[in-house]
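Heads up: the structure comes next, in structure tokens.
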Amino acid sequence: MGGGVAFRLVLAHLYPDLLNIYGDRGNVLALARRAGWRGIEVDVRPVGIGDAFDPTGVDLVCVGGGEDSKQAAAAADLARRGEALRVAVEDGLPVLAVCGGYQLLGHYYQPARGPRLPGAAVLDAHTVAGERRLVGNVVCESAMGTLVGFENHSGRTFLGPGCQPLGRVRPGASGGNNGEDGGEGALWHRCVGTYLHGSLLPKNPHLADFLLRAALVRRYGEEAAAQALRPLDDAVEWTAHRAAEGLAPAHRR
Ligand code: GLN
């Protein structure tokens with residue numbers, strides 16, 4: 001690393017045994033690997049129900065998606081951690097929450113059957129199950145560039161004024177947050193909620209680096225982050241990105 005600065009990040013992976021569907025664990029692997037290629041060590045810590053977890057002491061948080069029953073198992077525990085997580089997010093903590101995990105970062109998720117699940121209220125959003133599932137390959141345009149992934153959810157997520165959509169789905173390219181307003185995901189500070197599985201980050205390296213940069217800036221400052229996050233050869237990643245882009249409905253002929 002030349003300058004001899006050793007960079008180390010702690011990544012909390014919330015409920016890896018419950019919320020991990022359609023390859024969501026690949027997001028954790030992609031973050032760790034992209035950091036590792038730059039000589040940045042990532043200490044991945046699984047956090048399960050009841051485990052000790054102080055969000056101010058970690059650099060990245062990932063939570064994946066899962067079926068309603070798995071969400072029901074995790075909801076109360078995550079809601080209990082909401083205040084601490086919100087404070088850390090306001091301090092710049094980067095979070096990636098996918099689908100079921102995204103829904104649980106909002107105020108609540110009302111499944112089709114069973115009681116309303118409390119959310120962590122980190123994101124100003126709420127989710128209600130719809131009658132038809134939104135399933136398919138998605139392309140959306142975000143401030144950080146085009147994002148590609150796969151969605152499969154019945155939940156319809158509606159954002160309040162407290163957060164912005166992460167991106168906008170291309171017309172005809174599947175549902176996004178609710179199949180109505182064109183929004184996909186949510187962004188608040190450096191907290192990213194999204195319906196995109198895939199795994200998402202291996203084929204969206206710019207989003208992976210957005211999260212890594214945020215983690216490095218918060219821990220080590222702007223200058224050190226710029227030094228640590230040297231560019232990688234992402235030819236393979238962008239090939240995967242373009243292949244996924246070609247699968248989305250708007251691009252079918
Ligand atoms: N159970 C939620 C839904 O269907 C989330 C599903 C998921 O995480 N893929 O809306």
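The values are calculated or read from the model by the stated rules, or taken from the named source; none is laboratory data. Note that the structure is a prediction, hence the values are computed from the model and not measured. No Cβ is skipped: glycine too gets one built from the backbone with ideal geometry, and neighbour counts run over all protein chains shown. Quick note on the areas: whole protein, heavy atoms, side chains included, nothing else; ligands and nucleic acids left out. Shrake-Rupley method; radii C 1.70, N 1.55, O 1.52, S 1.80 Å.
Based on the Cα gyration tensor of segment 56-108, what are the three equivalent ellipsoid semi-axes, each the root of five times an eigenvalue, rounded to whole Å and given largest first? Spell out each step's value before the answer.
On the way: eigenvalues 78, 27, 15 Å².
After scaling each eigenvalue by five and taking roots: 20, 12, 9 Å.
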- Note on the structure: If each part is reduced to its alpha-carbon centroid, segment 137-161 and segment 5-57 end up apart, in Å, by 22 Å
- Viscosity 0.692 mPa s, temperature 37 °C: Stokes-Einstein D of segment 4-100 from its Kirkwood Cα radius, in µm² per second? 237 µm²/s
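Quick one: Cα convex hull volume of segment 119-233, Å³ per residue? Working shown, then result.
Numbers: hull volume 12.7 nm³, N = 115.
Residue-normalised Cα hull volume stands at 110 Å³.
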- Might you tell me the accessible area per residue for the chain, computed with a 1.4 Å probe and given in Å²? 43 Å²
- Note on the structure: Expected max-MSF residue from Leu123, Leu105, Leu159 in the GNM of the chain (alpha carbon, under 10 Å) is Leu159
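Treating the beta-carbon of each Lys and Arg as +1 and of each Asp and Glu as -1, no other charges, what is the dipole magnitude of the chain about its Cα centre, to the nearest 20 debye?
Values: 26 positive and 27 negative charges, 87 e Å.
The calculation lands at about 420 debye.
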- Message: List the residues, sorted by chain then number, that are 5 or more residues from Gln110 or on another chain and whose placed amide H is less than 5 Å from its amide H.
- Response: Leu117, Thr127, Val128, Ala129
- Task: State the antiparallel share, in %, of DSSP beta bridges confined to the chain, rounding to the nearest 5.
- Result: 55 percent
- Average Cα contact separation per residue, segment 192-246, under 8 Å, 6 or more apart, as relative contact order %: 37 percent
- DSSP-defined antiparallel bridges as percent of all bridges, segment 52-167, nearest 5: 75 percent
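Compute the Cα gyration tensor for segment 105-185, then decide on rounded, prolate or oblate, letting a ≥ b ≥ c be the square roots of its eigenvalues: rounded whenever a/c is under 1.5, prolate when a/b is larger than b/c in the other cases, and oblate in all that remain.
Working: a/c = 2.42, a/b = 1.35, b/c = 1.80.
Because a/c hits 1.5 or more and a/b fails to exceed b/c, segment 105-185 counts as oblate.
Determine the relative contact order of segment 50-144: mean sequence separation of Cα pairs under 8 Å and six or more apart, normalised by residue count, in whole percent. Write down the numbers at each step before the final one.
On the way: 141 pairs, mean separation 26.0, N = 95.
Across segment 50-144, relative contact order equals 27 percent.
Which FRET efficiency value, to the nearest 0.05, do you get for Arg133 and Ala243 by plugging their Cβ-Cβ distance into 1/(1 + (r/R0)^6) with R0 = 30 Å?
Working: r = 24 Å, r/R0 = 0.80.
The formula returns an efficiency of 0.80 here.
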- Task: Would you mind telling me the share, in percent, of accessible area of the chain contributed by carbon and sulfur at probe 1.4 angstrom?
- Result: 53 percent
- Task: Along Cα→Cβ, 7 Å out, is where each label goes; now give me the distance between the ones at Glu83 and Arg33 in nm to one decimal.
- Result: 4.0 nm
- How big is D, in µm² s⁻¹, for the chain by Stokes-Einstein at 25 °C and 0.890 mPa s if Rh is the Kirkwood radius over C-alpha pairs? 136 µm²/s
- Item | Hz values of 3J(HN,Hα) by residue in segment 99-112 - Karplus curve (6.51, -1.76, 1.60), Gly and Pro given as x | 6, x, x, 4, 4, 6, 7, x, 6, 6, 10, 9, x, 5
- Relative contact order of the chain, defined on C-alpha pairs under 8 angstrom at six or more residues apart (%): 19 percent
